[in-house]
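Below is one structure, written out as structure tokens, with a few remarks after it.
The values are calculated or read from the model by the stated rules, or taken from the named source; none is laboratory data. Keep in mind that what you see is a predicted model, and the values were worked out from it rather than measured. Here the Cβ is made from the backbone with ideal geometry for all residues, glycine too, and neighbour counts use every protein chain on show. Ligands, DNA and RNA are stripped out before the accessible areas are found, and what is left, the full protein with its side chains, is counted by its heavy atoms. Shrake-Rupley method; radii C 1.70, N 1.55, O 1.52, S 1.80 Å.
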Amino acid sequence: MSSPCDPQNAPAGDVGTAIMMVDSRLRHVHAGRSAADPGQQEMVDQFAASLGPEGAQDLLDGACTLIFMFMKWLRATHEQLDKDVIEYVVPTLVASMRMMPKSIRPEVIPTMAGLVIAAGTGLSPNLWRRQYGDWTEAEMTPLEATAFLLAEHINRIADDPDFATRMITEALSSADAD
């Protein structure tokens, strides 16, 4: 029986912009800069303001698609080792988020964990989240952090700081070729 949260029913959104934002954040952190660059933050804020409601929804959907794709890769990788992706990824993700109290309020961590669990079990994270109402402002940074943390986790497993970004851009390129 098909689920209403089946990924085939979900919009992909703007995956290109979502991966660009995650990649930018990864590069920023790997360059040793933990504090937000005011110029970069201003540019991101201007970009977000220029999106409008439809563009913002596309970016949200794109971030959820990234989370789904990251969890799909993580699930396949963990299954090769006879490990449960939920058991190995979610606790690490939650622990990382708990160490970011300035950016991620504790009350949104269960939502982000649920989003990752949904993706890890083959459900669309954005359709899973949609059943609980509209996204809140308090969930925007944690959503970005979730995609970032999953990308960083993948990069560490692959022992390649660009692996997650390359995996997504290659998937986008092959989708464009089809």
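Just the residues that are at pLDDT below 75 and either within 24 Å of A118 (Cβ to Cβ) or among the β-branched types (V, I, T) (or both), please, taken from segment 25-64. The answer is V44, and nothing else. Kindly indicate whether A113 is in contact with a Phe, Trp or Tyr (Cβ under 7 Å, 6 or more places away or on another chain), modelled with pLDDT of 95 or more, small (G, A, S) and closer than 24 Å to D6 by Cα. It is false that A113 is in contact with a Phe, Trp or Tyr (Cβ under 7 Å, 6 or more places away or on another chain), modelled with pLDDT of 95 or more, small (G, A, S) and closer than 24 Å to D6 by Cα.
For T77, the criteria (1) under 16 Å from the mean Cα position of the chain (by Cα); (2) touching a residue at least 60 places away in the same chain (Cβ under 8 Å) hold in every case but one, which is (1).
Cβ separations smaller than 6 Å between residues 6+ apart or across chains give the following pairs from segment 8-19 residues that are in contact (Cβ under 8 Å) with a residue 12 or more places away in the chain to residues that are open to solvent by 40 Å² or more (accessible area, probe 1.4 Å) and part of a helix (DSSP H, G or I): G13/D58; D14/D58. Looking for something among the aromatic types (F, W, Y), more than 19 Å from E87 (Cβ to Cβ) and part of a helix (DSSP H, G or I) - is there at least one such residue anywhere in segment 137-148? Within segment 137-148, one or more residues are among the aromatic types (F, W, Y), more than 19 Å from E87 (Cβ to Cβ) and part of a helix (DSSP H, G or I).
Table: residues versus (1) without any contact (Cβ under 8 Å) to a residue 24 or more places away in the chain; (2) open to solvent by less than 10 Å² (accessible area, probe 1.4 Å); (3) farther than 21 Å from G16 by Cβ.
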| residue | (1), (2), (3) |
| --- | --- |
| A56 | yes, no, no |
| K83 | yes, no, yes |
| R98 | yes, no, yes |
| A113 | yes, no, yes |
| V116 | no, yes, yes |
| R130 | yes, no, yes |
| W135 | no, no, no |
| T141 | no, no, no |
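Taking segment 143-154 as the range and being open to solvent by 10 Å² or more (accessible area, probe 1.4 Å) and either modelled with pLDDT of 95 or more or of a type in the set (A, V, I, L, M, F, W, C) (or both) as the test, the residues that pass are A145, F148, L149, E152, H153. When the helices (runs of 4 or more DSSP H) confined to segment 1-115 are screened for residues that are more than 20 Å from A164 (Cβ to Cβ), those reaching at least 1 such residues are found at 38-80, 85-98.
Restricted to segment 157-178, and to residues that are outside any loop (DSSP other than H, G, I, E, B) and over 16 Å from the mean Cα position of the chain (by Cα), which residue is farthest from V22 (Cα to Cα)?
Narrowing segment 157-178 to residues outside any loop (DSSP other than H, G, I, E, B): 157-158, 163-177.
Retained after the next criterion (residues that are over 16 Å from the mean Cα position of the chain (by Cα)): 157-158, 170, 173-177.
On the way: I157: 17, A158: 17, E170: 16, S173: 18, S174: 20, A175: 20, D176: 21, A177: 24 Å.
So, considering only residues that are outside any loop (DSSP other than H, G, I, E, B) and over 16 Å from the mean Cα position of the chain (by Cα), the one farthest from V22 (Cα to Cα) is A177.
Which residues, counting only those in segment 160-178, are open to solvent by 50 Å² or more (accessible area, probe 1.4 Å) and closer than 30 Å to P106 by Cα? Correct list: P161, D162, F163.
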